[in-house]
Amino acid sequence: MIESMYQVQRESQSLWVPLRGCRYHVRQWGSPGATPLVLAHGWMDVAASWQFMVDAFSEAFVQQRPIIAMDWRGYGLTEATATDSYWFPDYLADLDALLDTLYPGQAIDLVGHSMGGNVVMMYAGTRPERIRRLVNLEGFGMPATRPAQAPGRMAQWLDELKAQRHGDNDLKPYADASGVAARLMKTNRRLSPDKAHWLAQHWAQPGSDGQWRILGDAAHKVINPYLFHVDETLETYRRIAAPVLAVEAVDDSLGQWWKGRYTLAEYHERLQAVAVLEKAVVHDAGHMLHHDQPQTLATMIEKFVN
């Protein structure tokens, strides 16, 4: 029995947009007017994840601009494609198509978290004229690689595709929404029960068997067969024309993930390639900082984009 549920302050409206063979789901808040604010979620997340931050924006901020958040392909309510793996460039192409559809010829303010942060950084360097202000929330990129890793990476990709065909990568189902909420709180110790129970309704759905399953295609777990190249990334960063706000949580999630293979110091060194950069740290927060400190983050973003 759920005793409390997060009370949404600003309800979103759903928009469905056909993009590159997918029926994209987009959440909308705000009002027509000034520069649109576009929010890009991270890996194994959904657009509804931004709700707490949107609720924390000031009324004046929300009334003066449209705010949207899309479910990336294969996440949330956007259709999964008929594929056994996903490709990073498709996110940039989807974003480009979405902006051309909703805001043709208009510069936007763009916010990305985690994987979404990686996407928006690369997009801003590829389409610098489309971005007015850019906010990167813990979009650290990946560890540097060596050419000698290429054969092993390709073999790993093939092995994971084989596992995918056999159903070995299927995502764990949950008996009910409370089980999903418990999973979210286990991953993020700062997430309150009311927020966890609300998120669970949007992060997962029950199937015909009554089991709740995460709204993320299991094919997203398959590794990319091609190596991450730091030199190419830095060249893209150098082409970013918009001012960039790079935000990280006080918890070093990067260090926790990579165990010394990639560090915050290396990430900060890469950011030196960005021409106009501000850095900020959110205290009492982990990787899901838009859940942990939505008011702090909302205030920070408002100040930066206004």
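The values are calculated or read from the model by the stated rules, or taken from the named source; none is laboratory data. Keep in mind that this is a model prediction, so the values were computed, not measured. Don't worry about glycine lacking a Cβ; one is built from the backbone with ideal geometry, like all the others, and counts go over all protein chains shown. Ligands, DNA and RNA are stripped out before the accessible areas are found, and what is left, the full protein with its side chains, is counted by its heavy atoms. Shrake-Rupley method; radii C 1.70, N 1.55, O 1.52, S 1.80 Å.
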Problem set entry | Leading residue at positive end of dipole, the chain (Cβ point charges), from 22, 299, 202 | 22
For this session: Please calculate the 1.4 Å probe accessible area of residue 88, with all protein chains present, and give it to the nearest 10 Å².
Result: 60 Å²
Exercise. By the gyration tensor of its Cα atoms, with a ≥ b ≥ c the square roots of the eigenvalues, what is the shape of region 152-268: rounded for a/c under 1.5, prolate for a/b over b/c, or oblate?
Worked result: oblate
Problem set entry | Low-density loop positions, GluC sites (Glu not before Pro), region 1-69 - DSSP coil, at most 16 other Cβ in 10 Å | 3, 11
Exercise. Taking amide hydrogens as modeled 1.01 Å from N in the peptide plane, which residues meet the under 5 Å criterion relative to residue 246, leaving out close sequence neighbours?
Worked result: 136, 278, 279, 280
Seminar exercise, completed: Magnitude of the Cβ-charge dipole (Lys and Arg +1, Asp and Glu -1) of region 30-105 about the Cα centre, nearest 20 debye, reported as 220 debye
Exercise. Hey, any idea what Rg/Rh is for the chain, computing Rh the Kirkwood way over Cα pairs?
Worked result: 0.94
For this session: Could you please state, rounded to a whole Å, how far the C-alpha centre of region 105-180 is from the C-alpha centre of region 9-32?
Result: 21 Å
Seminar exercise, completed: In the neighbourhood of residue 230 defined by beta carbon distances under 15 Å, the net charge of the other residues (Lys, Arg +1; Asp, Glu -1) is -1
For this session: Residues in region 222-264, backbone N under 13 Å from the label point at residue 153 (7 Å along the Cα-to-beta-carbon vector): list them, ranges by number please.
Result: 223-233
Problem set entry | Order of exposure, largest accessible area first, which applies to 189, 65 with probe 1.4 Å | 189, 65
Exercise. Roughly how big is region 222-275's charge dipole about its Cα centre, with Cβ charges of +1 (Lys, Arg) and -1 (Asp, Glu), in debye to the nearest 20?
Worked result: 80 debye
Problem set entry | Lys/Arg +1, Asp/Glu -1 at C-beta; region 1-137 dipole; positive extreme among 75, 131, 57 | 131
Seminar exercise, completed: Treating only Lys and Arg (+1) and Asp and Glu (-1) as charged, each at its beta carbon, one finds that the chain has a dipole about its Cα centre, in Debye to the nearest 20, of 280 debye
Exercise. Let a ≥ b ≥ c be the square roots of the eigenvalues of the Cα gyration tensor of region 209-306; is it rounded (a/c under 1.5), or, if not, prolate (a/b larger than b/c) or oblate?
Worked result: oblate
Problem set entry | Within the chain, percent of DSSP bridges classed antiparallel, to nearest 5 | 40 percent
Seminar exercise, completed: Gyration tensor on Cα atoms of region 66-222, a ≥ b ≥ c root eigenvalues, a/c under 1.5 rounded, else prolate if a/b beats b/c, else oblate, says oblate
Problem set entry | Compactness relative to 2.2 N^0.38 Å, alpha carbon Rg of region 152-205 | 1.55
